[in-house]
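Some notes on the structure that comes next.
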C-alpha cells in the first residue's frame, strides 16, 4: 500500500513539474516563425499620415475585441481564447519589424485569423500596422 501511495505521489509531482516547465504564462506566446520574405518586407506606407483614421477604424472593427482598445491584449474575447493575446504596447512587440507584424496580422495562425480577405486593400492593411505601432 505504501509503495502505491509513493508511486502515485511521484507521478503526481513529476507531472506537475513537467507541466510547469512546458506551459506558457499569460504573457508568453509560442514562438511564431515568420518567413524571411515577410521579415524583409518594408512598409511602403510607413510615412503616410492617416488623416481619415482608417487604421484606427479598421482596428476597432477587426482587432479590438481581442487586443483591447489600448492594444494590451485585454479585449472582451481575449479570455475565451486558448492562446495568449499579444500586447501591442510591450517592448517585444515594438521591436518587431513591420513585415513580421504584417505576416502575423494578415496571414495569421491558429486563433489569430487571417485578415487578408477582410481587409484586402494593401494601403489599409499597412495603415492598421501603423496604427497598432502607435498604441
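The values are calculated or read from the model by the stated rules, or taken from the named source; none is laboratory data. The structure presented is a predicted model; accordingly, all values stated were derived computationally and were not measured. Please note: Cβ atoms are built from the backbone with ideal geometry, for glycine as well, and neighbour counts cover all protein chains shown.
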Next on the checklist: So, in the stretch 73-112, exactly how many residues are out of contact with any helix residue (DSSP H, G or I) (no Cβ under 9 Å at 6 or more places or on another chain) and surrounded by 13 or more Cβ atoms within 10 Å (Cβ to Cβ)?
Outcome noted: 5
Item to check | Unmet requirement for residue 119, which otherwise passes all of (1) under 19 Å from residue 61 (Cα atoms); (2) within 15 Å of the chain's Cα centre (by Cα); (3) not in a helix (DSSP H, G or I) | outcome: (2)
Checklist entry - Assuming residue 61 fulfils every condition listed in (1) under 26 Å from residue 99 (Cα atoms); (2) at pLDDT below 95 apart from one, which condition is it? => result (2)
Checklist entry - Hey, any hits in the stretch 14-34 for a residue that's modelled with pLDDT of 80 or more, within 19 Å of residue 116 (Cβ to Cβ) and over 15 Å from the mean Cα position of the chain (by Cα)? => result no
Item to check | Pick from the stretch 120-134, criterion in contact with a helix residue (DSSP H, G or I) (Cβ under 6 Å, 6 or more places away or on another chain) and farther than 21 Å from residue 90 by Cβ, ranking: surrounded by the fewest Cβ atoms within 10 Å (Cβ to Cβ) | outcome: 124
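Which of the helices (runs of 4 or more DSSP H) contained wholly in the stretch 41-107 include at least 2 residues that are touching a residue at least 40 places away in the same chain (Cβ under 8 Å) and under 20 Å from residue 123 (Cβ atoms)? Break it down stepwise before answering.
Numbers: elements: 54-62, 64-67, 91-94, 98-102.
It comes to 54-62, 98-102.
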